[in-house]
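To keep things clear, I will list the structure first and then write my remarks on it.
The values are calculated or read from the model by the stated rules, or taken from the named source; none is laboratory data. The shown structure was predicted, so the numbers you read here are calculated from the model rather than taken from an experiment. Every residue, glycine among them, receives a Cβ derived from its backbone with ideal geometry; neighbour counts consider all protein chains shown.
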């Protein structure tokens, strides 16, 4: 067998190898990515400011139970379980949060009033002391309790590291 015959036999073999590699995905193409898990959605964004002491507290809670509380002195991440999430959803539902007006403010204002901005789902309500709607008071009490319990060192559970939100 001559060199020419060997070259003629290699051409079809090389074509077959290239086709097999292309079909098997070994030519530098990446395999299609599997379905990515959607990132958690923001469930509650609560911000309270003002008062005599100059409070500036924020609470973020995601639909997967991951949360973050931030005050002037501490920032902590935490987790709430599904029953706590259900209870929070119930508190907002019982308050008729979705049907509240967007703003409740006092025409005269007040230097030492606390101001509150609460976002739940796609609805945001802003209010301040002295004009908080009666139905919204349990929501604010509940959110304040979460901030207090998660930001006080003696009461807060151990901080969770690597909580992805």
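Please work out if residue 140 is under 20 Å from the mean Cα position of the chain (by Cα), at pLDDT 85 or above and surrounded by 12 or more Cβ atoms within 10 Å (Cβ to Cβ).
On the way: under 20 Å from the mean Cα position of the chain (by Cα): yes; at pLDDT 85 or above: yes; surrounded by 12 or more Cβ atoms within 10 Å (Cβ to Cβ): yes.
So residue 140 fits the description; yes.
Check every one of the strands (runs of 3 or more DSSP E) wholly within the range 31-113 and list those with 3 or more residues that are modelled with pLDDT of 95 or more and surrounded by 15 or more Cβ atoms within 10 Å (Cβ to Cβ).
Values: elements: 42-50, 55-62, 66-70, 75-79.
Correct list: 42-50, 55-62, 66-70.
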